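Only one structure is covered here, and it is reproduced in the block below.
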Amino acid sequence: MDKINFRFLFIISAILGVFLILYGEWQDTHMEVRYTDVDYLVFSDAAALMASGKSPYERSTYRYSPLIAALLLPNSFLHHMWGKFLFSASDLLVGLLIHTILKLRGVPEKLCTSSLMVWLFNPFTFTIGTRGNCEPIVCAVILWIILCLMNDQLVQAAFWNFLTSIFTWRGLVFGFVSGSIFFILTGLCFYFYGWDFLDEALLYHLTRTDPRHNFSIYFYHIYLHYEQEFSSLEKLISFLPQFIVQLALIFRFAYDLPFCFFVQTLTFVAFNKVITAQYFVWFFCLLPLILPWSNMKLT
């Protein structure tokens, strides 16, 4: 019965995702306020440029990895909703990984199912993918890394580019492989797209200030002084509290990887100088991993 319930949840979640994608097409056509996230339009335009042999960074405001545009290449020759279905499928993959990790941690099936519902049927999370935001792919990669580490697949986990403790031999191997993959991919992207890639996809985010749709603790200060030019030091110093908190959490909670990932991600978002709605998804995908050991109540 539990297995049937588990499959049933996925079937209902998949149907809901398809319905929302199709509904989004209708709303975009018939209503003034669009359902589709503006980022999806940016992704699609960048993918179209890449498909025609041009740089995705010719699309203004495309400040992401070229890999996102590459994943959405079928938008140009298959169907413009391809990316939405890809991101929604990643939602389901996140659910599968959550269930697998909880089972590996010895959580009873009934509790696994209830924890899984926090992700699959959270109105905030399932609308992110169907509106065309790529965060579910990021969440799936993070959970896959946790699963690899739990299965003692150190090199495979490092391949997917996560940093963990480097104060052991295994940590040094992990750091070396992870760092190598990062620099190889960065070097390849730089080879194809040059400084446009470095400026838009990486360096821009170090000095970014955003006076709109921003939940950051720095928002009001940025809003009041947006017309004023901030120095590079002012833009970078905001990372200091973030770095200190992250370091403290590593030393305190590294023994419990899922919980450490959760509190690190939560505080990373909380102390970031720019926060938009989709940032919350980063820790929402980790929340079900700690719920079986939590005393939190809804009332």
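So how do E227, E200 rank on accessible area, 1.4 Å probe, biggest first, that is with the largest at the start? Walk me through the intermediate numbers first.
Details: E227 175, E200 55 Å².
Largest accessible area first, the residues go E227, E200.
Accessible surface calculations at 1.4 Å, restricted to protein heavy atoms, place the chain at 56 Å² per residue. For the pair A254 and V173 in one chain, pulling the backbone fully straight at 0.36 nm per residue adds 27.4 nm over the alpha carbon distance.
Approximating the spin labels as points 7 Å out from Cα along Cα→Cβ, the L96-to-T186 distance works out to 3.2 nm.
In the chain, which whole DSSP H runs stretch at least 15 Å along their own axis (Cα) and average 1.0 or higher on the Kyte-Doolittle scale?
Numbers: long enough: 2-30 (41 Å, 0.73); 38-51 (20 Å, 1.34); 82-104 (33 Å, 1.25); 109-120 (16 Å, 0.78); 135-150 (23 Å, 2.53); 169-197 (37 Å, 1.18); 239-253 (21 Å, 1.63); 257-270 (19 Å, 1.79).
Span-like helices, by this rule, are 38-51, 82-104, 135-150, 169-197, 239-253, 257-270.
Taking every protein chain into account, the 1.4 Å probe leaves T127 with about 40 Å² of accessible area, to the nearest ten.
Among the listed values (i) 54, 52, 40; (ii) 61, 45, 34; (iii) 52, 45, 38, the one matching Cα extents along the principal axes in Å as calculated from this structure is (i).
Applying a 4.7 Å Cβ-Cβ cutoff to the chain leaves C112, C134, C148, C189, C260 as cysteine residues with no disulfide-compatible partner. Accessible area ranking (1.4 Å probe, heavy atoms, ligands and nucleic acids excluded), largest first, for I11, I275: I11, I275.
First check a/c for the range 5-150, with a ≥ b ≥ c the square roots of the eigenvalues of its C-alpha gyration tensor; if it is under 1.5, answer rounded, and if not, answer prolate when a/b is larger than b/c or oblate otherwise.
Working: a/c = 2.79, a/b = 1.60, b/c = 1.75.
Here the range 5-150 falls in the oblate category.
Summing charges over neighbours of I21, with a neighbour being any other residue whose Cβ is under 10 Å away from its Cβ, gives +1 when K and R count +1 and D and E count -1.
Give the carbon-plus-sulfur fraction of the accessible surface of the chain in %, rounded to a whole number; probe 1.4 Å, heavy atoms of protein chains only. Could you put the intermediate results ahead of the total?
Working: 11630 of 16700 Å².
Exposed carbon and sulfur together represent 70 percent of the surface.
Farthest toward the positive end of the dipole of the chain, out of V118, P74, P136, is the Cα of V118, where the dipole comes from beta carbon charges about the Cα centre. When the square roots of the Cα gyration tensor eigenvalues are ordered a ≥ b ≥ c, the ratio a/c for the range 172-299 is 1.5 or more and a/b does not exceed b/c, which makes its shape oblate.
The values are calculated or read from the model by the stated rules, or taken from the named source; none is laboratory data. What you see is a predicted model; the values in this text were computed from it and never measured. So basically every Cβ, Gly included, is an ideal-geometry build from the backbone, and we count neighbours across all protein chains shown. Remember, those area values only see protein heavy atoms, side chains included, never the ligands or the DNA or RNA. Shrake-Rupley method; radii C 1.70, N 1.55, O 1.52, S 1.80 Å.
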